[in-house]
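Below is one structure; the comments refer to it alone.
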């Protein structure tokens with residue numbers, strides 16, 4: 001299985017693996033954004049992590065990537081942490097799912113859309129990957145805007161357990177097939 005990308009540059013961002021050296025800045029970004037992220041991100045319930053636990057998590061992400069698994073990346077603008085993202089293999093061999101979060105001080109600037117566009121391009125350049133998906137709870141209107149702006153198609157809604165306080169338990173699934181991305185203006 002081909003490794004997912006670990007470094008991507010977009011117009012304003014460097015999208016790269018987190019390193020243990022990033023742990024303090026990552027922690028600060030998450031801490032500053034807790035109330036912003038809490039309604040939508042189930043993992044926030046485990047925050048704040050200790051520096052040791054965060055470093056362990058970063059090392060685990062790196063090992064999983066080296067073994068051909070997911071890639072979990074930080075979003076950096078001029079070396080400042082502005083969020084996090086990832087490409088996840090949980091949809092089977094021919095598809096990847098994008099997840100993202102943006103630091104509260106950097107929202108409403110198109111960074112999630114820019115990130116998702118860069119990750120979609122990188123993902124669909126991998127042999128065997130035929131589509132990219134973005135999933136979010138129906139109540140998360142900001143997350144819905146990202147795939148909509150990029151031309152993804154809403155392919156379905158399905159009930160699921162609400163995992164975070166703001167969720168209503170309806171998952172929206174958006175997809176972008178390789179052939180559609182290749183012909184889009186992205």
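May I ask you to list the residues of segment 67-98 whose amide nitrogen lies under 17 Å from a point 7 Å from Cα along the Cα→beta-carbon direction of residue 107?
Of the residues in segment 67-98, 82-85 have backbone N under 17 Å from the label point off residue 107.
Could you give me D for segment 1-73, from Stokes-Einstein at 25 °C and 0.890 mPa s, where the hydrodynamic radius is the Kirkwood radius over C-alpha pairs? Units µm² s⁻¹, please.
183
Test of understanding: what is the full-extension gain from residue 157 to residue 19, defined as 0.36 nm times their sequence separation minus their Cα-Cα distance?
Full extension of this stretch gives 46.1 nm more.
Can you show me the helix-derived [θ] at 222 nm for the chain, built from DSSP H runs with n ≥ 4 at -39,500 (n - 2.57) apiece and divided by the number of residues, rounded to the nearest 500.
-9500 deg cm²/dmol
In the calculated pair distance distribution of segment 7-183, what percentage of Cα-Cα distances lie above 26 Å?
27
Two decimals, Cα atoms only, Kirkwood Rh: what is Rg/Rh over segment 85-171?
Working: Rg = 13.1 Å, Rh = 13.7 Å.
That ratio equals 0.96.
Quick note: the coordinates plus some simple rules give every number you see, no bench work behind them. Note that the structure is predicted; figures quoted are calculated from it, not measured. FYI the Cβ positions are ideal-geometry reconstructions off the backbone, even for glycines, and counts take in every protein chain you see.
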